[in-house]
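Heads up, the thing below is written out as structure tokens.
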Amino acid sequence: MSGRILVVDDIATSRMVLRAKLAAAYYDVIQAENGSEAIKSALKYQPDVILLDVMMPDMDGFETCKILKSDPKTNHIPVVMITSVCQPADRLRGLECGADDFLTKPIDDLALFARVRNLLRSKFMLDELRLRDRTTQELGLAEFITHDKDIVPPKARVTLIPSDYEMGLLWEKALSENTPYLYKICENDTQPQEFEAQELPDVYVIHARIGAHGDGLRLVSMLRSRPRTRNAAIILVVSDGDHATAAKGLDLGASDYIFDHFDPLELVARLSSQIKRKQISDRLRSNVTDTLRLAVLDPLTGLYNRRYAEQHLGRIAERAQETGKEYALMLLDIDNFKRVNDTHGHVSGDAVLKEFSRRIQENLRGVDLVSRLGGEEFLVAMPETSEEQARLASERLRQVIEDTVFQCSPNQGGLRITVSIGVTLGDPLTLDVDKLISQADHALYASKSEGRNMVTLFNSAA
Ligand SMILES: [Mg+2]
């Protein structure tokens, strides 16, 4: 996995050492010798990871990190702070400035590369989600969802998997004093499938040494491979100084790690940053799904909209060409619908449209596509349908609308509604869907001009 890495250090030799190591692993390396240059470079080159020296004259690493993390153009870029003496207080300060991790000089290669790979992987995943989110916005589909900036995400859930229950109680006590999250401690005899039970957590905190289910690393890789737990964050707790296990954990998909006998506040800071990231990716993910779903559905009736129907009709035509079987296309238009709206109001009009959609859908097969083209006009596409079947089906639809009055509100009597229908048959030899729609439209026009509440087949209308 290649990526662009910005190395920031005030000492030229330190930059050279890092540059050489990273370039040898085929990363694209850019350099900056102070904080303000780093900020400029980050804006201009959009690196995938920033390795940031803490001790620098003028603006130090903490200050630089804070600025990078407060600008929306750079706040998504992961930052690893590099320091010669790493006191717990410094780490905490860095995490509070938004840093993603710390490395101590002289830099251990294993730790460096594992961390870089891991940060690149999660950044690329988020970049992809951001890109899809932007695509839906550019397609003009974003109008379909209302973004409520003030929505408070539900309380984050954290599952603790310690090496023994006593340790879990200590973790929980320290964490719940400092955070508003919901905690659950897993006992040692927890079966792997229970990790996938309902109420999935946002974050798992897993000790690398857990008894009953093999080891913590195996659990990390299991959680990453299952669809239900794949998107959760994982913080691995490893024995103090065990860089090898930490590196392995990151490669297996842990989001972060912390050395055992940690300062509780450091775990709090790491937990909070993982939860924030998880909430951002959850939101992006659901934006994309919701947008796509809403982009093909008519919000009032829940039927497919014109955009979808046209696409789908093309596919039915292609399929007919393969099978050599005819298909039918109907256009339906509610008679004198304007009068319903004018006399009884739009609320009643909407109720009629909903009830109409329900009856049509209930009286067709599952394979038939029902869509609302707009206003009171509907399209039905029936794959593998003969002329006789199309005639029977459309006559049945006409009747289910006419036979029972529409009850729109408890205070008024039922409304008598009728529908005019135009039907045409799709020739498996042609893919010209537009021509088909215009034939059905001609037939519909004939039904209207012949007195409404009737079915016309295109051939007989010609
Ligand atoms: Mg320095």
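The values are calculated or read from the model by the stated rules, or taken from the named source; none is laboratory data. Since the structure is predicted, the reported quantities are computational estimates derived from the model, not experimental observations. Using ideal geometry, Cβ is built from the backbone for each residue, glycine included, and neighbour counts are taken over all protein chains shown. For accessibility, only protein heavy atoms count, side chains too; no ligands or nucleic acids. Shrake-Rupley method; radii C 1.70, N 1.55, O 1.52, S 1.80 Å.
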Exercise. Where the only charges are on Cβ atoms (+1 Lys, Arg; -1 Asp, Glu), what is the dipole of the chain about its Cα centre, to the nearest 20 debye?
Worked result: 340
Seminar exercise, completed: Charge dipole of the chain built from unit charges on the beta carbon (Lys, Arg +1; Asp, Glu -1), centred at mean Cα; most positive-end Cα among Ser36, Ala208, Leu392 is Leu392
For this session: Quick one: angle between helix 165-178 and the longest Cα principal axis of the chain, in degrees between 0 and 90, rounded to 10, please.
Result: 80
Problem set entry | Cβ-placed point charges (K, R +1; D, E -1), dipole of segment 153-295 about Cα centre in debye, nearest 20 | 860
For this session: Please name whichever of Cys97, Met16, Ile82 sits farthest to the positive end of the charge dipole of segment 1-107, dipole taken about the Cα centre and charges placed at Cβ: Lys and Arg +1, Asp and Glu -1.
Result: Met16
For this session: Would you mind computing, in nm to one decimal, how far apart the modelled labels at Ser225 and Thr289 are, each placed 7 Å from Cα along Cα→Cβ?
Result: 2.3
For this session: Would you mind calculating the gained length between Glu362 and Met59 on full extension (0.36 nm times residue separation, minus the Cα-Cα distance), in nm to one decimal?
Result: 102.2 nm
Exercise. Which angle from 0 to 90°, rounded to the nearest 10, does the C-alpha axis of helix 109-138 make with the longest principal axis of the chain?
Worked result: 20
Problem set entry | Set of lysines near Lys435 by C-alpha distance (under 26 Å), chain-local residues within fewer than 8 positions excluded | Lys325, Lys448
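For segment 383-443, compute Rh as the Kirkwood radius over C-alpha pairs and then the Stokes-Einstein diffusion coefficient at 20 °C and 1.002 mPa s; write the answer in µm²/s, rounded to an integer.
155
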Exercise. At 222 nm, what helix-only mean residue ellipticity would the chain give, in deg cm²/dmol to the nearest 500, using -39500 (n - 2.57) for each DSSP H run of four or more?
Worked result: -15500 deg cm²/dmol
For this session: Please state the charge dipole magnitude for segment 1-107, taken about the Cα centre, from unit charges on C-beta atoms (+1 on K and R, -1 on D and E), reported in debye and rounded to the nearest 20.
Result: 240
For this session: Could you calculate the contour length gain from Glu128 to His76, that is, 0.36 nm times the residue separation minus the distance between their Cα atoms, to one decimal place in nm?
Result: 17.5 nm
For this session: Give me the orientation-averaged projected area of the Cα convex hull of segment 1-107, in nm², one decimal.
Result: 6.1
For this session: May I ask you to list the trypsin sites (Lys or Arg not before Pro) in segment 47-128 that are in a DSSP loop and have at most 14 other Cβ atoms within 10 Å of their Cβ?
Result: Lys73
Seminar exercise, completed: To the nearest Å², the heavy-atom accessible area per residue of the chain with 1.4 Å probe amounts to 50
For this session: Would you mind checking Lys123/Lys155; Lys40/Lys278; Lys69/Lys184; Lys44/Lys123; Lys66/Lys123; Lys21/Lys69 for any pair whose Cα atoms are more than 22 angstrom apart?
Result: Lys123/Lys155; Lys40/Lys278; Lys69/Lys184; Lys21/Lys69
Exercise. What does a probe at Glu450 reach in segment 360-389, counting residues whose amide N is under 16 Å from the point 7 Å along Cα→Cβ?
Worked result: 388
Problem set entry | Virtual spin-label span in nm between Glu387 and His243, 7 Å along Cα→Cβ | 8.2
Exercise. Which trypsin sites (Lys or Arg not before Pro) from segment 215-271 combine a DSSP loop assignment with at most 13 other Cβ atoms within 10 Å?
Worked result: Arg228, Arg230
For this session: Over segment 258-384, with every protein chain in place, what whole percent of the accessible area is carbon and sulfur at 1.4 Å, could you tell me?
Result: 51
For this session: Enter the Cα centre distance for the pair segment 402-422 and segment 295-362, rounded to the nearest angstrom.
Result: 17
Exercise. Relative to the longest principal axis of the chain, what angle (0 to 90°, nearest 10) does the C-alpha long axis of helix 387-403 take?
Worked result: 90
Problem set entry | Relative contact order, percent, segment 153-295 [alpha-carbon distance under 8 Å, six or more residues apart] | 22
Problem set entry | segment 399-441 residues near the modelled His344 label - backbone nitrogen below 14 Å, point 7 Å along Cα→Cβ | 401-419
For this session: Rank Gly249, His312, Leu425 by how far each Cα sits towards the positive end of the charge dipole of the chain (+1 on Lys, Arg Cβ; -1 on Asp, Glu Cβ) and give me just the farthest.
Result: Leu425
Seminar exercise, completed: Excluding ligands, DNA and RNA, the carbon-plus-sulfur percentage of the accessible area of segment 1-98 with a 1.4 Å probe reads 54
